[in-house]
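These notes concern the structure reproduced below.
The values are calculated or read from the model by the stated rules, or taken from the named source; none is laboratory data. It should be emphasised that the depicted structure is a prediction, and the values quoted were computed from it without experimental measurement. Positions of Cβ are backbone-derived with ideal geometry, glycine not excepted, and every protein chain shown enters the neighbour counts. Just the protein is used for accessible areas: all its heavy atoms, side chains included, with ligands, DNA and RNA removed. Shrake-Rupley method; radii C 1.70, N 1.55, O 1.52, S 1.80 Å.
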Amino acid sequence: HSLGGAAILHAAAEASDHKLLVTINAPSEPSHIRNLLKNAVDEVILQGHAKVVLEGRGFQISKQFIEDLEKHKGLDYLQNLKSALLIFHSPQDQVVSIDNARQIFVAARHPKSFISLDGADHLLTHMDDAVFVADIIRSWVDRYLGAFKI
């Protein structure tokens, strides 16, 4: 979800022991978060760390984190994914534009699927949106792995 989705795409492109990947409202590049941190980046660079608030949640950000974000640019790495990919994104996401989902979808190889989360917010704070995503993931996983029992 969100930056975690971008991170897992990068990690999965370098590993081959996965069959399925799902992202929810993920930026197409991890460096996208640098824009969200714009007020704190100078403090992080000067002091080595800073506390930031994203979507109402506090995080401690380090200089190393900012440097790592800058290393990951471009989407060519998505050609290395060997798993099925399911992309969820809300057109109303105020944190990560839906254009990021389009970029991921276009760059990734098949099999891939995109589901629009019309009306959902970035963190899926409404239970109906979260349940919808969970139900779709379960059905999608069943298609690839067979009956999925909880």
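If I fit a long axis through the Cα atoms of helix 38-47 and take the longest principal axis of the Cα atoms of the chain, what angle between them do I get, 0 to 90°, rounded to 10?
With rounding to tens, the tilt is 60 degrees.
Report the charge-dipole magnitude of the chain in Debye, nearest 20, computed about the Cα centre from +1 at each Lys and Arg Cβ and -1 at each Asp and Glu Cβ.
Working: 15 positive and 18 negative charges, 84 e Å.
Charge dipole of the chain: 400 debye, to the nearest 20.
Among 92-102, 108-118, how do they line up by average Cβ neighbours within 10 Å per residue, starting with the highest? Working shown, then result.
Values: 92-102: 17.0, 108-118: 15.1.
The densest-packed peptide leads the list: 92-102, 108-118.
Points 7 angstrom from Cα along the Cβ direction at GLN94 and ALA15: gap in nanometres?
So the two model labels end up 3.4 nm from each other.
Go through PHE88, PHE132, PHE105 and list them by solvent-accessible area, largest first, probe radius 1.4 Å.
Working: PHE88 0, PHE132 90, PHE105 65 Å².
If we order PHE88, PHE132, PHE105 from most to least accessible, we get PHE132, PHE105, PHE88.
Could you tell me the calculated FRET efficiency between SER113 and GLU43, based on Cβ-Cβ distance and R0 = 35 angstrom, to the nearest 0.05? Write down the numbers at each step before the final one.
Details: r = 40 Å, r/R0 = 1.15.
It comes to 0.30.
Any idea what angle helix 127-145 forms with the longest principal axis of the chain, computed on alpha-carbon atoms, 0 to 90 degrees, nearest 10?
Tilt relative to the chain: about 60 degrees.
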